[in-house]
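Only one structure is covered here, and it is reproduced in the block below.
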Amino acid sequence: MPAFSAYAPGKIILFGEHAVVYGQPAVAAPVSQVKARAVVNANLRGLPGSVRIQAPDVGEDAELASLPANHPIGLAVRSVLALLKIQSPPACTLKVTSTIPIAAGLGSGAAVSVAVLRAFSAYLGRPLKDEQVSELAFEVEKVHHGTPSGIDNTVITYGKPVYFIKGKPIEMLKVPVPFTIVIGNTGIASPTAAAVGEVRQAWKAKKALYESYFESAGSLAASARQMIEHGIVETLGPLMTANHGILRKMGVSSPELDELVAAATKAGALGAKLSGGGQGGNMIALVAASRAERVAQALQRAGAVSTIITVVGKPE
Ligand code: PMV
């Protein structure tokens with residue numbers, strides 16, 4: 001029997017993280033240089049209902065039945081079984097691997113969910129539609145993040161740049177002029193739930209102030225969308241840097257992120273900001289394609305543990 005496998009990319013948030021949780025628009029794009037992969041193989045000698053889950057990157061090797069209810073991979077598998085009303089699937093082994101750094105703002109949790117949902121439903125002979133994949137991945141995100149906006153599961157499921165407003169139908173972005181982004185990893189693991197929780201506490205304490213931050217970030221995302229769709233990409237740089245300033249005020253930057261943002265700008269980036277939950281994780285810099293290598297090297301000299309050069313809007 002053949003193996004059933006699926007990949008899902010990482011993602012960056014170009015504009016609007018955190019504010020998106022409070023209903024503001026945000027812009028995100030997939031990053032295909034890093035991926036989560038799920039592979040399902042039938043286990044012909046296994047007992048019906050047995051699903052062995054192996055995730056060697058995180059040292060997991062267990063039967064589905066033994067996993068706690070909130071285990072993210074277990075939850076993804078169980079949600080497929082519940083949706084398809086299957087109680088006892090044919091025995092199989094599900095192996096999950098990923099090159100997306102964990103807790104780094106690149107959507108590793110959502111990518112693992114999307115890959116698992118696709119590979120496992122294909123193994124059961126009933127591959128899920130994109131809407132179903134995104135919706136179930138969102139349910140798993142709630143376990144990771146508490147109050148996710150839904151942007152990660154959306155951009156990762158559809159694998160295209162998106163303009164996203166929580167609870168609204170997704171809008172794919174047209175990108176007539178692709179642009180180059182350098183991603184720099186601080187190497188500091190920072191769970192999104194913690195940053196999102198801190199912003200919520202701060203918002204509760206200073207509602208008017210935080211809402212003004214969210215609105216400013218939202219208008220940057222709306223302007224950025226216009227520029228991207230009209231192919232005026234150089235002007236996105238200052239908008240990114242402005243968004244970073246707002247995120248700093250929100251309290252989700254860190255000295256390491258600020259340092260990488262400054263190093264990218266000094267090396268000729270058109271603009272830079274943290275991306276994702278913040279307080280660690282990754283930052284992004286908009287660059288002219290010819291400067292990408294130079295900016296990546298400057299980021300490494302400034303302490304980035306890894307860098308990725310990606311092009312947003314590149315035809316697949
Ligand atoms: O998963 P991360 O770290 O890329 O963060 C997602 C973006 C947030 O706006 C911080 C949270 C959310 O659910 O939108």
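The values are calculated or read from the model by the stated rules, or taken from the named source; none is laboratory data. Just so it is clear, the model here is predicted, and its values are computed rather than measured. For neighbour counting, all protein chains shown are included, and Cβ atoms are generated from backbone atoms with ideal geometry for every residue, glycine included. The protein model used for the area step is the full one, side chains on, heavy atoms only, and it has no ligands, DNA or RNA in it. Shrake-Rupley method; radii C 1.70, N 1.55, O 1.52, S 1.80 Å.
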- Query: Which value in deg cm²/dmol, rounded to the nearest 500, describes the helix-derived mean residue ellipticity at 222 nm for the chain, given -39,500 (n - 2.57) per DSSP H run of n ≥ 4 and division by the residue count?
  - Reply: -13000 deg cm²/dmol
- Query: Looking at the range 1-110, which trypsin sites (Lys or Arg not before Pro) are in a loop (DSSP not H, G, I, E or B) and have at most 14 other Cβ atoms within 10 Å?
  - Reply: Arg45, Lys85
- Task: Just the number, please: carbon plus sulfur as a percent of the accessible area of the range 1-99, 1.4 Å probe, no ligands or DNA/RNA counted.
- Result: 56
- Note on the structure: In cubic angstrom per residue, the convex hull of the range 67-116 built on its Cα atoms measures 92
- Message: For Cα pairs less than 8 Å apart in space and 6+ apart in sequence, what is the mean separation divided by the residue count of the range 212-316, i.e. the relative contact order in percent?
- Response: 22
- Query: For the range 26-53, list residues with backbone N below 16 Å from a point placed 7 Å from the Cα of Ile309 toward its Cβ?
  - Reply: 32-34
- Quotient of Cα Rg and 2.2 N^0.38 Å for the chain, N being how many residues it contains: 1.00
- Message: Suppose we keep just the DSSP beta bridges with both residues in the range 28-166; what percent of those would be antiparallel, to 5?
- Response: 75
- Pairwise FRET efficiency - Arg301 versus Glu229, Cβ, R0 = 35 Å, nearest 0.05: 0.50
- Query: Using the Karplus equation 6.51 cos²θ - 1.76 cosθ + 1.60 (θ = phi - 60°), what ³J(HN,Hα) coupling, rounded to whole Hz, does each residue of the range 177-185 give in order, writing x for Gly and Pro?
  - Reply: 10, x, 9, 9, 10, 9, 9, x, 9
- lysines within cross-link reach of Lys204: Cα-Cα under 21 Å, excluding same-chain residues under 8 positions apart? Lys142, Lys166, Lys249
- Rounded to the nearest 10 Å², what accessible area does Thr186 show when all protein chains are kept and the probe is 1.4 Å? 20
- Task: Check cross-link reach from Lys207 to the aspartates and glutamates: straight Cα distance under 18 Å, and skip same-chain residues fewer than eight apart.
- Result: Glu17, Glu198, Glu215
- Note to self: with every protein chain in place and a 1.4 Å probe, the range 58-208 gives an accessible area per residue in Å² of 43
- Note on the structure: With +1 at each Lys and Arg Cβ and -1 at each Asp and Glu Cβ, the charge dipole magnitude of the chain around its Cα centre, to the nearest 20 debye, comes out at 200
- Message: From the Cα trace of the range 29-123, what convex hull volume per residue do you get, rounded to a whole Å³?
- Response: 102
- Task: For the range 206-269, give the percent of accessible area contributed by carbon and sulfur heavy atoms, probe 1.4 Å, rounded to a whole number.
- Result: 57
- Message: Ignoring solvent entirely, what values of log10 I(q)/I(0) come out of the Debye formula for the range 212-316 at 0.12, 0.22, 0.23 Å⁻¹ when each Cα is a single scatterer?
- Response: -0.38, -1.23, -1.31
- Query: Taking R0 as 45 Å, what's the FRET efficiency between Leu84 and Gln201 from their Cβ-Cβ distance, rounded to 0.05?
  - Reply: 0.70
- Note on the structure: Quick calc: nm separation of the 7 Å Cα→Cβ label points for Glu293 and Glu139 -> 4.8
- Full-stretch length increase - Val177, Glu63 - with 0.36 nm per residue and alpha-carbon distance subtracted: 36.3 nm
- In square nanometres and to one decimal, what's the mean projected area of the convex hull around the Cα atoms of the range 146-220? 6.9
- Given the Cα atoms of the range 1-82, and with Rh set as the inverse mean 1/r over their pairs in the Kirkwood sense, what is Rg to Rh to two decimals? 1.09
- Note on the structure: Sorted by chain and then number, the residues having a modelled amide H within less than 5 Å of the amide H of Ser50, at least 5 places away or on another chain, are Ala91, Cys92
- Considering only protein heavy atoms, what per residue accessible area in square angstrom results for the range 209-316 with a 1.4 angstrom probe? 42
